[in-house]
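First comes the structure, then the notes that go with it.
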Amino acid sequence: MPFLGRKREIEILRDVYNNEKFESIILYGRRRIGKSELIKYSFKDINCKKIYFECQKATEAYNVSNLCDIIASTFKIPKPAFQTLSQILDFLFEKSLTEKIIFVIDEYPYIRDNSFYLDSIIQNVIDKYKMDSKMKFILCGSYIDVMEKLLSNNSPLYGRFSLKMNVRQMNYLESSLFYPNASNEDKVAYYSVFGGVPFYNQFIDDTKTVKENIINLIASPNARLLAEAEGFLLEKMTKLTNANECFCSIALGNRKYTDILNASHISSSPMLSDILKKLIKMDVIEKICPINDENEKKATYEIIERLSLFYYRYIFAKNTFFKIMPPDLFYDEFIEPDFYSQYVPKEFENISKQYFQILNSNHKITPVLYAIGKYYYDDPKNRKNGEFDVVTLDKNGYNFYEVKFINKPIDDSIVNEEEYQLENLKIKYNKLGFISKTGFNLKNPEKYSLIKLDDMYKI
């Protein structure tokens, strides 16, 4: 399959490769996000020696021996008899004084665990050669917390990296490259289930229906990605039961801290706090604060690993039925009634935020946006509170957008309702807009900022 997306990341890496000075890069991100493929593809058309080494969960001696094989092949020499990674580093950095070399150590935490003082050894070799070396040295890893600790001020490698790259999920637009023949409506559905993870998206067959892909890839006992969803937390977290409880609670709609705690059966608030912190570091849950909440008192938690969100909402929560029912009937009974009425519309709101982020980062929106997010409100008169889910902020004030993923155009009744709510709450705003799957049927469309689903895939 051809390499898709990551245009900006590729540009950044190639800019680094094309200069003649020493560069050290730390590149990390969660498992399956496409880090290794990104690095390998970035080598394309780069004319220099390249050493890509993926560490194994084994002894230093085993990894060193394998790396010596690669060095022998790269430099067309007999296999060196190096015994330590320190010897290899000295050899390669010495070589880099006269020629450009790209040296990648992938899954660095694996070898770090079995190599005493390795961070300090790398620090010393960087400090020794950095002024004269042409080396492009890349440390890569999937254990986000370990990789980020290398950047902390108590790490021997603090200040030694000229570039930090946290590889995260692709946005909805880049992800759609994996299923180009799907309708825009189906693209939203696919992104809602499989998110921006290249490993998941590569299996989508856009000649089949959304239902067929969901059943084939996640919603059947032998589905290709079912084990991925089931094993994702198991690999990273020791207290799986508590993590499952937390995930399931959020997936079913409990996003406030107290609601998660009450619905999850987690025994204590400190335990929940610890679980949420770990899941945030894993880049699978995000703490969301309204853009008008400076003190973060109204924060909510959302699952941003969408395959996990889908799994815990529909399969984990109905596991007894999932195991005994035919997949198509399970889909019709437990997924279909909620999927297009609740699940996908919620994700469409997140896609709408990404749409503004893409416009903003590409200088395609004026004036420039200061913030994109939710807007919290209190309504003491009616004794309720709530959120507007898609709001932007620029120099002129707040811009409110109502998002509708429904099978009819947005008409004046919806517009009037939104205007009434903002007026009733006495919220000052600069612009009122609407984002629609199906289009608009308005008497005075010029009064509003109107965005159609099709517009979001034409950026």
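Take the residues in the range 354-374 that are in a loop (DSSP other than H, G, I, E, B) and surrounded by 15 or more Cβ atoms within 10 Å (Cβ to Cβ); name whichever of them is farthest from the chain's Cα centre (by Cα).
Residues of the range 354-374 in a loop (DSSP other than H, G, I, E, B): 362-370.
Subsequent filtering for residues that are surrounded by 15 or more Cβ atoms within 10 Å (Cβ to Cβ) retains 365, 369.
Values: Ile365: 24, Leu369: 22 Å.
Step by step, filter the range 354-374, then rank; the result is Ile365.
Assigned by TED's automatic domain parsing to the domain that holds Lys50, under 11 Å from Ile26 (Cα atoms), of a type outside the set (Gly, Ala, Ser) and touching a Leu at 6+ places or on another chain (Cβ under 6 Å): does that describe Leu157? Break it down into steps so the answer makes sense when it comes.
Details: assigned by TED's automatic domain parsing to the domain that holds Lys50: yes; under 11 Å from Ile26 (Cα atoms): yes; of a type outside the set (Gly, Ala, Ser): yes; touching a Leu at 6+ places or on another chain (Cβ under 6 Å): yes.
Answer is yes for this residue.
Return the residues of the range 277-295 that are closer than 16 Å to Asn385 by Cβ, at pLDDT below 90 and in contact with a strand residue (DSSP E or B) (Cβ under 8 Å, 6 or more places away or on another chain); say none if nothing qualifies.
Asp293
Residues Asp259, Asp293, Asp283: which one is in the same structural domain as Glu333 (by TED's automatic domain parsing), within 24 Å of Gly373 (Cβ to Cβ) and out of contact with any helix residue (DSSP H, G or I) (no Cβ under 8 Å at 6 or more places or on another chain)? Steps first, please.
Numbers: Asp259 fails: out of contact with any helix residue (DSSP H, G or I) (no Cβ under 8 Å at 6 or more places or on another chain); Asp283 fails: out of contact with any helix residue (DSSP H, G or I) (no Cβ under 8 Å at 6 or more places or on another chain).
None of the other options fit; the residue is Asp293.
Exactly one of these conditions fails for Ile266: (1) surrounded by 19 or more Cβ atoms within 10 Å (Cβ to Cβ); (2) in a helix (DSSP H, G or I). Give me its number.
With (1) surrounded by 19 or more Cβ atoms within 10 Å (Cβ to Cβ); (2) in a helix (DSSP H, G or I) applied to Ile266, the lone miss is (2).
Tell me which helices (runs of 4 or more DSSP H) are completely within the range 72-131 and hold 2 or more residues being of a type in the set (Asp, Glu), or say none if there are none. Outline the logic, then answer.
Working: elements: 85-95, 108-112, 118-129.
Correct list: 85-95, 118-129.
Go through the range 47-63 residue by residue and tally those that are among the aliphatic types (A, V, I, L, M) and either part of a strand (DSSP E or B) or modelled with pLDDT of 95 or more (or both).
To start, the set of residues in the range 47-63 that are among the aliphatic types (A, V, I, L, M) comprises 51, 58, 61.
Keeping just the survivors that are either part of a strand (DSSP E or B) or modelled with pLDDT of 95 or more (or both) gives 51.
Going through the range 47-63 one residue at a time, the tally reaches 1.
Given the range 144-203, what helices (runs of 4 or more DSSP H) lie entirely inside it while holding 3 or more residues that are at pLDDT 95 or above and of a type outside the set (Phe, Trp, Tyr)?
Numbers: elements: 144-149, 172-175, 184-194, 198-201.
Fully inside the range 144-203 and qualifying: 172-175, 184-194.
The values are calculated or read from the model by the stated rules, or taken from the named source; none is laboratory data. None of the values given here were measured: they were computed from a predicted structure. A quick note on method: Cβ atoms are made from the backbone with ideal geometry, for glycine too, and the neighbour counts reach across all protein chains shown.
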